[in-house]
Structures are given as structure tokens and as C-alpha cells.
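Please read the structure below before turning to the comments.
Values in this text are rule-based calculations from the coordinates and carry no lab data. All of these numbers come straight from a predicted model, not from anything done at the bench. As a convention, Cβ positions derive from the backbone with ideal geometry for all residues, glycine included, and neighbour counts pool all protein chains shown.
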Amino acid sequence: MIYSMTGFGKSVITLPGKKITIEIKSLNSKGVDLNVRIPSSLREKELSMRNHVAKTLKRGKIDLSVYVESTGGERSAQLNTPVIEAYMAQLKSIADGENVDLLQMALRLPESIQTERETIDETTASAIMSGLEEAVGTLQDFRLTEGQALAQDFEQRIQTIGQLMETVKTKDQERIPSVRARLLKALEDLAQTVDQNRFEQELVYYLEKYDITEEIVRLSNHLKYFITTMNSDESNGKKLGFITQEMGREINTIGSKANDAALQQLVVQMKDELEKIKEQVLNVL
């Protein structure tokens, strides 16, 4: 089976006083390109999160985002009363004013409000990792569904190339006698006497240069290998890409040897199908 590199996953964790949302999405990439956006309170868990995502998803341009929303019941900031009182005393010593006015001025000054750095306990950390596993699992399911759609498209296009190849084989059987007749006709038009044995030797040499039997055999093997690889236990987009390159070489050789308009039209159709396969293989994990 094959997996697409495109996917999206999400999980929501509800804890006392907070809600944590984890979102992860991926696009195609040659390797692992992981971008992480998380609150500073979760930085100590970033490495573990990165390792889990990279190990599970293997390839792709991956964006991981974690959002923490306070739902009440927690105080993350409090008044720094000693500092505020000191500010008010200094202000009162240099200017007269009501206490309320002095308090408003003191609250604007540095360190008048204390913000405690939020930390996470083991329960929260465990819940976040479970949520990450859930989001990654959802993304994997998405990738599998996309991969199944790609597999259906590949099978159809490989089948089309195979049918075109069979037509090439049929046309090729008609091509060789046609080339032979054309050469004989050219000699007759020249009204020259030639050594028949030498002519037959040259003709065989000429026809061997345009023989496409080996290319057709190799192309047939590549088509079968592509399907076998696609249906293997592991998704291997890079390997499928290499196979398409080999298929392209054989099709191009057939086109260069064809020396026949009908065969070259079939080659163009095979190239068109192969290019569409190559474009989609870039999305395979």
C-alpha cells in the first residue's frame, strides 16, 4: 500500500483551567521538514514531540501547532504589592495627589505586576503527548485515504501504458515488412543490380538498429515492478520515482527507434500517461 504525504490531524485536550488544541498538517517534501509552534511553557517537551512526529511520519513538510487556551480558575499574574507601595511612597514625596491617582501611576511602572512562569506537570505532559499521538494518527489515516486514491489512479495509468505497449508490439510487426518493402522499392527505382546476399546482410543490420523488442520487454517488466512495489507492505515513493525514470528511458528509446509515425503517436500517449504518474509520485510517502 502507499501513503500520500498530504494530510491533516487535530486533537483537543480539556484539562482543569485550560484547553489544549494540537494541529498537524503535512505536504510533500524530499525529507523531513518539521516546523513547530508551541507555547514557551511546553519547550521542555519540544524535542520529544519532534522525535515522535519525525519517527512516525518519516517524510514531508510538516507543521505542528499547539494552542493553549485558559478556561479560568488559574491566576497567571498578581500585583507586586511591596513594589507598588514603594512606587506610591516615592510619588507622594515628589507630588501631591489622591491615592487612587498615585496607584494608577504606580501600576504603569516596571515590575508592578508579577507574572509567574507557567510550568506543566507530568499529568499535563502525558495528556499532551497522548493528544499528539491522536493528531498524528488522524493525519496517518488521512494519508492512507489519499494514498488509496493515488493507487487507483496509478493502476489505471499503468494499465493504459501497458495497453499502448501492446498496440506498439502489434504495429511493430507491420513496420518491419513495410520497411523492407520500402527499401526494395527504392532499389528498383534506382534500376541498379545489387548483390542479393550483401543486400540481405545490410538489411538485417539496418532492421536490427530499429528493433524495439528488448525495450518492450524491459518496459513490461518495469510496469509489473511498479505495481508490485506499490502493493508492498511499506510505502516507498522514492523507489516508485526511480522505476518511473527507468520506464521513461525505455519509452524514449522506443520513440527514437520507431521511425514510424503511427508508433511515435503511441509513444507520445505513453509519455503523457507517464508524466502524470511522475507528478503524483512526488506526493507518495
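If you average the sequence gap of Cα pairs under 8 Å that are 6 or more apart and divide by the length of segment 148-281, what percent do you get for the contact order?
39 percent
If you add up the charges near residue 61, with Lys and Arg at +1 and Asp and Glu at -1, over every other residue whose beta carbon is less than 13 angstrom from its beta carbon, what do you get?
+2
Arranged by the count of other C-beta atoms within 10 angstrom, fewest first, what order do 242, 142, 226 take?
242, 142, 226
With only alpha-carbon atoms in the gyration tensor, what are the semi-axes of the equivalent ellipsoid for segment 148-281, in Å, largest first? Mind showing how you got there, number by number?
Numbers: eigenvalues 301, 34, 21 Å².
Semi-axes from the Cα gyration tensor: 39, 13, 10 Å.
Could you tell me how far the Cα centroid of segment 136-154 sits from the Cα centroid of segment 195-264, in Å?
31 Å
Between residue 41 and residue 261, what is the spin-label point distance in nm, taking each point 7 Å from the Cα along the Cα→C-beta axis?
Using points 7 Å along Cα→Cβ, the separation is 7.6 nm.
In what order do 172, 233, 121 fall by count of nearby beta-carbon atoms within 10 Å, going from fewest to most? Numbers along the way, then the final one.
Values: 172 21, 233 6, 121 9.
Fewest to most other Cβ atoms nearby, the residues stand as 233, 121, 172.
Could you count how many Lys pairs in segment 1-66 have their Cα atoms under 28 Å apart, skipping same-chain pairs fewer than 8 positions apart?
Step by step, the pairs that qualify in segment 1-66 add up to 23.
So for the chain, averaging the separation of alpha carbon pairs under 8 Å that are six or more residues apart and normalising by length, what relative contact order in percent results?
26 percent
What is the projected area of the convex hull of the Cα atoms of the chain, averaged over all directions, in nm²?
25.8 nm²
Would you calculate, for the chain, the mean residue ellipticity at 222 nm contributed by helices, counting each DSSP H stretch of 4 or more residues as -39,500 (n - 2.57) and dividing by all residues, to the nearest 500?
Result for the chain, helices only: -22000 deg cm²/dmol.
Report the dimensions of segment 33-114 along its three principal axes from the alpha-carbon atoms, largest first, rounded to Å.
Principal-axis extents of the Cα atoms in segment 33-114, largest first: 68, 26, 17 Å.
Ranked by Cβ crowding within 10 angstrom, fewest neighbours first, how are 93, 112 ordered? All intermediate terms of the calculation are to be shown ahead of the outcome.
On the way: 93 7, 112 17.
The most exposed by this proxy come first: 93, 112.
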